[in-house]
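Structure, as structure tokens:
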Amino acid sequence: DLFTSDPDALLKALHHFHYRKHEIVIFHVMADEELTFDFNGHVHFDNLEGPEKLALDVNSIRASYLEQVNAFLKKVGDGVRRMGADYVPVNTKVPFEKTLVEYLSRRRGGR
């Protein structure tokens, strides 16, 4: 999911592959819920990577959440593209085959 508190460190790690002349294609897979934050009221979230649980009034944090997610996506996408790599956002709501066919069609037609 590429999420990190330090996107600059992530880009630096990817730059290593660029430096060594690897072809880089990033398929950034995110759930539609992560991208839209389409929740209402008080919601309980479980941390799938740890024991933490959060109970939040999502209506009060939606705008801030979306702003931060979009800023992160822009920073990572711009940084990856500056390396000459391909950055492909993938929404789990869209069938992967469709995303892959669209990506390969774009790539065949030129960047």
Mean separation of Cα contacts under 8 Å, 6 or more apart, over the residue count of the chain: relative contact order %: 33
Output ³J(HN,Hα) for the stretch 60-72: one whole-Hz value per residue in order, computed from phi by the Karplus curve 6.51 cos²θ - 1.76 cosθ + 1.60 with θ = phi - 60°, and x for Gly and Pro. 7, 10, 3, 4, 5, 4, 4, 4, 5, 5, 5, 5, 4
Could you list which residues have their amide H under 5 Å from that of Val29, counting only those 5 or more apart in sequence or on another chain, with H placed in the peptide plane? Val90
Under 26 Å between alpha carbons - lysine pairs in the chain that sit 8 or more apart or on different chains: 10
Would you calculate, for the chain, the mean residue ellipticity at 222 nm contributed by helices, counting each DSSP H stretch of 4 or more residues as -39,500 (n - 2.57) and dividing by all residues, to the nearest 500? -16500 deg cm²/dmol
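Read-outs throughout are calculated quantities, based only on the coordinates presented, and are distinct from any laboratory measurement. Not measured: the values here are computed from a predicted model.
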